[in-house]
Amino acid sequence: MTDEVISLEETVDVAIKKAVRVLAILSFPALLISFYRNLYLDFLPSHQLVLSLIWIIFVILSVNLKLIDRHRLNTLVAIMFLLFVAVSVRNESTVVGSTFFLLAVGLMSFQHSIKLIALVSITIFLVTHSLTRETILFGLSYEFGIVYQLLNLSIYLVLIFAIKKIVGNYVQLHEEQTNLNSFLIDKNKTSYLQVAEAIEDVNAEKERLEYFTVTVSSFLKRLYESMELAKEKKDNMPPERCMHEINEIRRIIEDHANCGDQIRHEALSISLAEFSEDLNYYFELHNMSSRPYLDVTQQDTSGIKTKYLFPSNLCKLMAHHVVEYFLENHLIEKLNFDIQLGRRAIGKQQIYINACGSLSNIQHENFSDNFTRKDTNKSNSSEDRNIYFAEKIIKQMSGNLHIEKSENSVNCDLNFWVPIVGD
C-alpha cells in the first residue's frame, strides 16, 4: 500500500502508455503489409513514410521517458487525427477514416472541454473533406454517406458526453478521497501528537512524583534521626528546630498538591555572608543529629557589600540533595561546604561551592579501586537520584555540577549564576 496520490492526468498517461505499447505490437504486421502495398503495388512512398513515422511515435510513447510524460494524450490525439486525414485522402473518403476520427474525439474528452473538441474536430473534418472527392464505397448512394456521417456524429456526441461524465465523476471521487485522506492524515497526526504529549505528561508527572518522594523521604529521615537523638538526650532544642523542618515538608507537599511544582522560587536579596549564614542555619538540624558534622565556610567578603538575588529554596534543596548523596554512597567523617565568588558578568555573579567529604578510614581500607571507579562512574553518569535532582535544580540557575573522587575524599563542585542587586 502506497501513500502516493495519483491524479487523473497521471492515470490517463499511464493507461495510454500501456495501450500504445499493445497497439505498436499489434500494428506491426499491418505496417509490413502497408510496405508491400505502398511500395510495390501502388508506389506511394510519402504515404508509407507517414505511416512509418506514426508507428515509430507509438513505440516512443510506449517507453518510460520523463520528457513525454503528461504529453502522451495530446500526442496520441494528434496521431489519430493525422491517421484520419491520411486514410481519408488515400481512399478518397472520410467514411473510411472515421474510426480514427472517433478515437481522436474520444481521447480529447478525457482532458479537454466540449467547445475545444467541437472546434478542433469540425475544423479537421472540413479540411479533410475538402481534400477528398468523397466517393462512396460498395456502390452505395451519396445520401447513404450523409446518413452514415450523421450517425457517426451522433456516436461522437454520445461518446464525448459519456466520457466527460465518467471523467467528472472520477475527478469528484478523487477529490473527495483526497480530502478524506488529508483529514485522516491530519487526524492521525493530531492523535499521535496527543499520545506523545500524554506520554510526555505521564513521564513528567512520574519524575515530579519521584522527586517529591525522594525529597520528602530524605527530610523525614533527617527529622526522625533528630527526634530520636533529642529523645535520648532529653534535649528541648531539637524539637524547636524540628518544627521548622516540618514546616518545610508541609510547604513541599502543598506546592506539589497545588501546582505540581516541587520548589517555590523564593529569591532573597542578600550578601554572600548572609547566604552562608542562611545555609548554615538550614543544616543546623543536620549537625544536631548523629550524622557527620557539616561545616559551611566562605571566602572573606568583609570588604564586599554587594547584594545578590539568591534563589534561596533552590540553593537549599540543591545542597540538601548533594549532602544526601554523600551520606548514602560514602562513609563520610566530615563534610565541608566552601562558598566562593567566581567570575562576574554584566549584571550577574557566579557563585562557586566546593562540597568536600572526607572519607573514613574504614572505607579507605576496605573498598577496592574497582569500587572507587564504579562509584565515580555512577556519580558522573547521574544514576544516583540525589545527584540527578541536584543537577536539575542547578541547571535552572544556569550552572553545572561535577563530582570527583580521590583516595581520601569526594569533591562535588557546583557553580551557578545569580543576579547582582546592587553594590
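Here ASP423 fits the description: modelled with pLDDT under 70, surrounded by fewer than 16 Cβ atoms within 10 Å (Cβ to Cβ) and within 27 Å of GLN299 (Cβ to Cβ).
Within the stretch 87-101, residues that are under 11 Å from THR128 (Cα atoms) sit with their Cβ atoms under 8 Å from residues that are among the acidic types (Asp, Glu), at 6+ positions apart or across chains, in these pairs: GLU92/GLU134; SER93/GLU134; THR94/GLU134.
Yes/no per residue for (1) out of contact with any His (no Cβ under 7 Å at 6 or more places or on another chain); (2) modelled with pLDDT under 75; (3) among the polar types (S, T, N, Q):
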{"residue": "VAL22", "(1), (2), (3)": "yes, no, no"}
{"residue": "VAL50", "(1), (2), (3)": "yes, no, no"}
{"residue": "TRP55", "(1), (2), (3)": "yes, no, no"}
{"residue": "LEU67", "(1), (2), (3)": "yes, yes, no"}
{"residue": "ASN74", "(1), (2), (3)": "yes, no, yes"}
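Of all the numbered requirements in (1) among the hydroxyl-bearing types (Ser, Thr, Tyr); (2) modelled with pLDDT of 80 or more; (3) under 30 Å from GLY168 (Cα atoms), THR99 misses one, and that requirement is (2). On inspection, VAL95 passes the criterion of being of a type outside the set (Asp, Glu), over 56 Å from the mean Cα position of the chain (by Cα), over 22 Å from ALA15 (Cα atoms) and surrounded by 19 or more Cβ atoms within 10 Å (Cβ to Cβ).
Here the helices (runs of 4 or more DSSP H) wholly within the stretch 267-348 that include at least 2 residues being among the hydroxyl-bearing types (Ser, Thr, Tyr) are 272-282, 312-329. Exactly one residue out of ASP338, ASP295 is modelled with pLDDT under 85, surrounded by fewer than 20 Cβ atoms within 10 Å (Cβ to Cβ) and closer than 30 Å to ILE420 by Cβ, and it is ASP295.
The values are calculated or read from the model by the stated rules, or taken from the named source; none is laboratory data. Note that the structure is predicted; figures quoted are calculated from it, not measured. When we count neighbours, we look across all protein chains shown, and the Cβ atoms used for this are built from the backbone with ideal geometry, even at glycine.
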